[in-house]
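The values are calculated or read from the model by the stated rules, or taken from the named source; none is laboratory data. Keep in mind the model is a prediction, meaning the values are calculated, not measured. Here Cβ is always computed from backbone atoms with ideal geometry, including for glycine, and neighbour counts include all displayed protein chains. Areas reflect the complete protein model, heavy atoms only, side chains present, ligands, DNA and RNA absent. Shrake-Rupley method; radii C 1.70, N 1.55, O 1.52, S 1.80 Å.
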Amino acid sequence: AQAIQATKLCKVYPNGTQALKDVSLTINDNDFVVVIGLSGAGKSTMLRCLNRLIRPTSGQLSLFGEEITTVNGTKLKQVRRRVGMIFQQFNLVRRLTVLENVLVGRLRFNAGPINRGLSIFRIFPKHEREFAFECLKQVGIADLAYRRADALSGGQQQRVAIARSLAQEPEVFLADEPIASLDPRSSETVMQILSQIHEEKGIPVLVNLHHIDFAQRYGKRILGMSKGELIFDGTSRDLDTTT
Ligand code: ADP
Ligand code: ADP
């Protein structure tokens, strides 16, 4: 089945930059796709359209068969909940613990802001906290559950961010340069975790990377972008013979 179907997606930013030009793309539910391309190629814009963090200027987008191109309001929140998103910056709540950050993934997206005085534990019953622990175990850092998020290394913080996404029980994972600010060893760990989630849970994954070596080792399928266009769609072996 098709996790994501994009047809002739275009994105023109208000300043006139055309970041996506007629991008058509199908992500299957068993895909582990790595998107490569130089900085400015449009990788991030494409991911943000797929998650509907931004709205494409034209074209069509569907998520597991459901049209999402222009949904808004409650519908849009539902879409965001179904899509797990990982960023280069981990976007954790610094003063909360690791476990609390994972519980953030369990919050309904229309819940109010997390106030300083409001312990997240008061909102979450025990089984929710146990679920969060399971997510931490899947990324191998259950032992850090009660540490403050900002006390962790970059690699550990990205693992918390992945656990937070897992807690959301997403149907698809999108990762925008998840290893761009990590050292090589942490990068390897994060890519392995994403592969493992894909294999074990059968979740389709789309990762933007600018490291071609990581792309070739982890991408079952590789997409190449340049100047807002999709210029390559194949395996790493195909990539070897084209470049
Ligand atoms: P990549 O992720 O491949 O580096 P981006 O999607 O970030 O590419 O950027 C694609 C193009 O769109 C670039 O020319 C970039 O400068 C431009 N761009 C990205 N975000 C915005 C924005 N919010 N407003 C205007 N232009 C943007
Ligand atoms: P409390 O035990 O006061 O409910 P905790 O935050 O200590 O609050 O634990 C929340 C839940 O997570 C508990 O049900 C506990 O059994 C479970 N839990 C605690 N530590 C772990 C762990 N390392 N692995 C799995 N589950 C755990």
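Filtering the stretch 72-128 to residues that are over 22 Å from Ile4 (Cα atoms), in a helix (DSSP H, G or I) and at pLDDT below 90 leaves Val104, Ile120, Phe121, Arg122, Ile123, Lys126, His127, Glu128. From the list Leu9, Leu20, Leu50, the lone residue that is closer than 16 Å to Glu177 by Cβ, away from ligand 2 (no atom under 16 Å from the Cβ) and not polar (S, T, N, Q) is Leu50.
So which of His198, His210 is modelled with pLDDT under 95, away from ligand 2 (no atom under 16 Å from the Cβ) and within 26 Å of Val23 (Cβ to Cβ)?
Details: His198 fails: modelled with pLDDT under 95.
Among His198, His210, only His210 is modelled with pLDDT under 95, away from ligand 2 (no atom under 16 Å from the Cβ) and within 26 Å of Val23 (Cβ to Cβ).
Filtered by the rule that a residue be farther than 20 Å from Val190 by Cα, among the small types (Gly, Ala, Ser), within 14 Å of ligand 1 (Cβ to nearest atom) and not in a loop (DSSP other than H, G, I, E, B), the stretch 207-243 gives Gly224, Ser226. The residue list Asn101, Asn91, Asn51 contains one member that is closer than 20 Å to Val207 by Cα and open to solvent by less than 70 Å² (accessible area, probe 1.4 Å), which is Asn51. Of the residues Glu199, Glu188, Glu169, the single one that is more than 16 Å from ligand 1 (Cβ to nearest atom) and at positive phi is Glu169.
Applying a threshold of 6 Å to beta carbon distances and a minimum spacing of six or more residues, or different chains, the list of pairs starting in the stretch 1-25 at a residue that is within 19 Å of Val172 (Cα to Cα) and ending at one that is outside any strand (DSSP E or B) and charged (D, E, K, R) reads Ala1/Asp29; Ala3/Asp29.
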